[in-house]
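Worksheet: one structure, shown below.
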Amino acid sequence: MRKNLMITPEGTKDYLFEECITSCDVQEKIKNCFVNRGYSKVDTPCIEFYDLFSLEDSGYPQEAMFKTTDNKGRLMVMRPDSTLPIARMAATRLKNYDLPLRLYYGQSVYRNNPTLRGRSNEIMQMGVELIGATGKRADLEILTTAIDCLSANVDDFRIEIGHADVFNALVERLNVSAETAEAIRVSIESKNYSALNTILDKLPKSSDVEAIRKLPRLFGGVEVIDEALNLCNDEKAVKALNYLKELFEDLSKLNLGDKIIIDLGIVQQTNYYSGIVFTAFVNGIGDEVISGGRYDKLMENFDFPTGAAGFAVNVDDLVEIKLKDSNKDEAPIPEILVCAKDGFEITAIEKTKELVNQGKNAVFSVFETIEEAKQYADKTRVKELLVVGE
């Protein structure tokens, strides 16, 4: 047999018994959070036109997408993101619906990660998109929904909140090329202080350069905003910082202690986000478990100019942390194995259904003989062997 038939492709994996059960449990809890807040489920195709993700504001490099062609030779991709397809859906099939649209999804996304990065190319995501609403109330709705999703599944987490306009306003004042601005953004996002300093040292000295230099270190409580206000004299940046302070003070009323943190080094996909940006981390997982924010400008690409915000939850990461202390490779063992003597097969199947309806963990034996069933029960530690037809 060829070797490739025996292994999964790089960047993918098989999911076994307890993993599947836990994933269903996590998804159910997240779904309940969404439904209880009035969100309705939508699904989008796994395969989309490449053009949808080649938009300038999409934030997805070409090499990060799995590509194919359709029977007309058009370039297609496996969706690397759910927000853009849902934005397309909102601007077409849902354009005559009353706003705001409260939409949620649960589907896989596919990203061609570099080798040895340790990240999966297939990620199960759940998330919401609140389309047609702006302002503090809409932002609080998105942030508190994200907090509810985490609280329903784990205890040890933190939400880090920033604002895209802080970085954007400071970079605009530097008057640098788009390539340099992106290099600065990537350095801040990765907290690569050495690379950031190398770039900034080549620029004329100014208060804006020094503010950007300190941006990735501005991480903590409300005192971080006060420090940033002392560094920034741009009206747009100051407005964003004051808004962040207001949001932080409101969220502090949730009695979450130090779970809510200001992080002015969150500068993800700046063409994509236009307001608040946030990530969430869970103890034991290195990457963010939730990523989201406000993306008002994105909707203009679909001739549907309206406010929008949302977030995505990495379900696989939550499953991983919940399975840390369990044996995911062990198949579940039934409590009762129902066996049938010859001619009593249907009676045994009906008996199995009856036991299940009573809330018992019972399965119908598919072994040809009672002796084979007994051997299996002894080997797997089945608690009870019930023989029908005696």
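The values are calculated or read from the model by the stated rules, or taken from the named source; none is laboratory data. Here the structure is a predicted model, which is why all the values come from computation and not from measurement. Counting neighbours? That spans all protein chains shown, and the Cβs are built from the backbone with ideal geometry, glycine included. Side chains included, ligands, DNA and RNA excluded: accessible areas come from the protein's heavy atoms. Shrake-Rupley method; radii C 1.70, N 1.55, O 1.52, S 1.80 Å.
Numbers for the structure displayed
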| quantity | calculated |
| --- | --- |
| Calculated [θ] (222 nm, deg cm²/dmol) that DSSP helices of n ≥ 4 give over the chain, each run adding -39,500 (n - 2.57) | -11500 deg cm²/dmol |
| Projected label distance in nm at Asn71 and Arg381, using a 7 Å step from Cα toward the beta-carbon | 5.4 nm |
| GNM top mover of Pro80, Pro100, Pro61 - the chain, alpha-carbon springs below 10 Å | Pro61 |
| Antiparallel DSSP beta bridges within the chain, percent to nearest 5 | 75 percent |
| Residue-normalised accessible area of the chain, given per residue in Å² at a 1.4 Å probe | 53 Å² |
| Full-stretch length increase - Ile7, Asn283 - with 0.36 nm per residue and alpha-carbon distance subtracted | 96.3 nm |
| Two-site label geometry, Leu55 and Asn197: point separation in nm, points 7 Å out along Cα→Cβ | 4.0 nm |
| Highest-first arrangement of 141-153, 157-169, 334-346, where packing means the average Cβ count within 10 Å | 157-169, 141-153, 334-346 |
| The stretch 89-104 versus the stretch 1-70: alpha-carbon centroid distance in Å | 22 Å |
| Per-residue ³J(HN,Hα) for the stretch 120-129, Karplus 6.51 cos²θ - 1.76 cosθ + 1.60, θ = phi - 60°, Hz, x for Gly and Pro | 6, 7, 10, 10, 7, 10, 10, x, 10, 10 |
| Rounded percent of accessible protein surface that carbon and sulfur make up, the chain, 1.4 Å probe | 48 percent |
| The chain: most fluctuating residue of Leu55, Leu244, Leu355 per GNM, C-alpha cutoff 10 Å | Leu355 |
| The chain: relative contact order in percent, alpha carbon pairs under 8 Å with at least 6 residues between | 18 percent |
| Chain lengthening between Asn36 and Val186 when straightened (0.36 nm per residue, less Cα-Cα) | 50.3 nm |
| Val387 long-range amide H proximity, modeled H, under 5 Å | Cys339 |
| Derived scalar couplings ³J(HN,Hα) [the stretch 197-205; Karplus, 6.51 cos²θ - 1.76 cosθ + 1.60; whole Hz; x for Gly, Pro] | 5, 4, 5, 5, 5, 7, 9, x, 5 |
| Cα-based helix-to-principal-axis angle, 178-189 vs the chain, degrees rounded to 10 | 60 degrees |
| Extended-chain gain in nm, criterion 0.36 nm per residue less alpha-carbon gap, Lys324 and Arg137 | 63.6 nm |
| Dmax and Rg, reported as Rg then Dmax, of the chain (C-alpha, Å) | 26.0, 93 |
